[in-house]
Amino acid sequence: MRHLFFIIVMLCITCKVEAQKSHLYLKQTPPSTTPEIFAPGIISKENEYEFGSVFSKDGTEFFYGVDTGENSEIRYSRLDNDSWTTPITIISHDIYGFNDPFLSPNEDELYYISDMPLDGTGERKDHDIWYSKKEKTGWSKPINAGENINTNKNEYYISFTKTGTMYFSSNKVGKENHNFDIYASERISGHFQKAVRLPETINTNAYEADVFIAPDESYIIFCATRKEGLGRGDLYISFKNNDGTWTESKNMGASINTNGHELCPFVSRDGKYFFYTSNKDIYWVDAKIIYSLKE
């Protein structure tokens, strides 16, 4: 009897875990290695432009950026018991835009970009990286990430390693506004260090931005505009070698890229799904497609 009771308990636990898994990712049917629009009509809508997105570690919270046509804002949905809440706007402004949300490694800070001036008043400025701290009642007022990250040019898109190093893009070097490069800044004792430009295997004289770094820094995915590209902007990937160098970045191919614009890459923390924006919607695909490009 005791053995039978143990089996029943284990079956109940297994069923509960499997039921919880089926409720993750807004209850959407998992994709294959062929990309699909993510949560059509719920997240990806015909009359809006969805940008960067990020799930929490446990997959029960979802943040994403939306351009409504008048401004950009950050929206949020969470798993509440067995149902996902209707997405709500959590960060917005009548004048300034907010986009490209990303959670810090311990998820007590929400990072994003904004064209808001440092004092929060006046006309729009170049884009900086900002963040809000998690509070009992929501998220704090925006806090600028500081001068080791931000400049008088544009800083875009944020991604973190598991140790807290921030990867982002900036056009602070170069004569043309479209000449973005990718940088990394270590965070030591709560402070971001001077950002370092990634090597030529990643950065070129063209446009490199919208960077996702694997938490263990084993690979990096980013948007680039290059002569051999398939469209207005393609997603590229590079893998880290055993000696710490990066492989020559390569186009992720026609299974991901189109003649349009692919950007805003993100891989879920469980490593299962690769999200990105294409044709103004968020798409997702089985992350196996990433490792198939390593060979």
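Counted as qualifying within the stretch 46-132 are the strands (runs of 3 or more DSSP E) with 3 or more residues that are over 15 Å from the mean Cα position of the chain (by Cα) and modelled with pLDDT of 95 or more, namely 72-80, 88-91. Here the condition is being among the acidic types (Asp, Glu) and surrounded by fewer than 21 Cβ atoms within 10 Å (Cβ to Cβ); of 270, 234, it holds for 270 alone. Looking across the stretch 248-267 at every residue that is part of a loop (DSSP other than H, G, I, E, B) and open to solvent by less than 40 Å² (accessible area, probe 1.4 Å), the one that is nearest to residue 62 (Cα to Cα) is identified as 256. Could you go through the stretch 219-230 and let me know if any residue there is within 15 Å of residue 276 (Cα to Cα) and not in a strand (DSSP E or B). No; the residues of the stretch 219-230 include none that is within 15 Å of residue 276 (Cα to Cα) and not in a strand (DSSP E or B).
Using the structure shown, decide if residue 207 is in contact with a strand residue (DSSP E or B) (Cβ under 8 Å, 6 or more places away or on another chain) and open to solvent by less than 30 Å² (accessible area, probe 1.4 Å). So residue 207 does not fit the description; no. Does residue 234 meet the test of being closer than 28 Å to residue 29 by Cα and under 15 Å from the mean Cα position of the chain (by Cα)? Taking the combined requirement at face value, the residue does not satisfy it.
In the stretch 126-145, is there at least one residue being in contact with an Asp or Glu (Cβ under 8 Å, 6 or more places away or on another chain) and open to solvent by 60 Å² or more (accessible area, probe 1.4 Å)? Within the stretch 126-145, one or more residues are in contact with an Asp or Glu (Cβ under 8 Å, 6 or more places away or on another chain) and open to solvent by 60 Å² or more (accessible area, probe 1.4 Å).
Checked against the criterion of being surrounded by fewer than 21 Cβ atoms within 10 Å (Cβ to Cβ), modelled with pLDDT of 95 or more, part of a loop (DSSP other than H, G, I, E, B) and not β-branched (Val, Ile, Thr), the stretch 158-168 has at least one qualifying residue. Scanning the stretch 219-231 for residues that are open to solvent by 60 Å² or more (accessible area, probe 1.4 Å) and either farther than 14 Å from residue 206 by Cβ or touching a helix residue (DSSP H, G or I) at 6+ places or on another chain (Cβ under 7 Å) (or both) yields one hit, 230. Apart from one condition, residue 103 fits all of (1) open to solvent by 20 Å² or more (accessible area, probe 1.4 Å); (2) closer than 24 Å to residue 160 by Cα; the exception is (1). Cβ separations smaller than 7 Å between residues 6+ apart or across chains give the following pairs from the stretch 103-115 residues that are among the small types (Gly, Ala, Ser) to residues that are assigned to a strand (DSSP E or B): 104/111; 104/160; 114/98; 114/128; 114/130. Residue pairs whose Cβ atoms lie under 7 Å apart, separated by 6 or more positions or on different chains, with the first residue in the stretch 60-85 and more than 12 Å from residue 50 (Cβ to Cβ) and in contact (Cβ under 8 Å) with a residue 24 or more places away in the chain and the second among the small types (Gly, Ala, Ser) and assigned to a strand (DSSP E or B), are 84/77.
The values are calculated or read from the model by the stated rules, or taken from the named source; none is laboratory data. These numbers were taken from a predicted model, which means no experiment stands behind them. Cβ coordinates were reconstructed from backbone atoms using ideal geometry, including for glycine residues, and neighbour counts include every protein chain displayed. These accessible areas exclude ligands, DNA and RNA; they are computed on the full protein's heavy atoms, side chains included. Shrake-Rupley method; radii C 1.70, N 1.55, O 1.52, S 1.80 Å.
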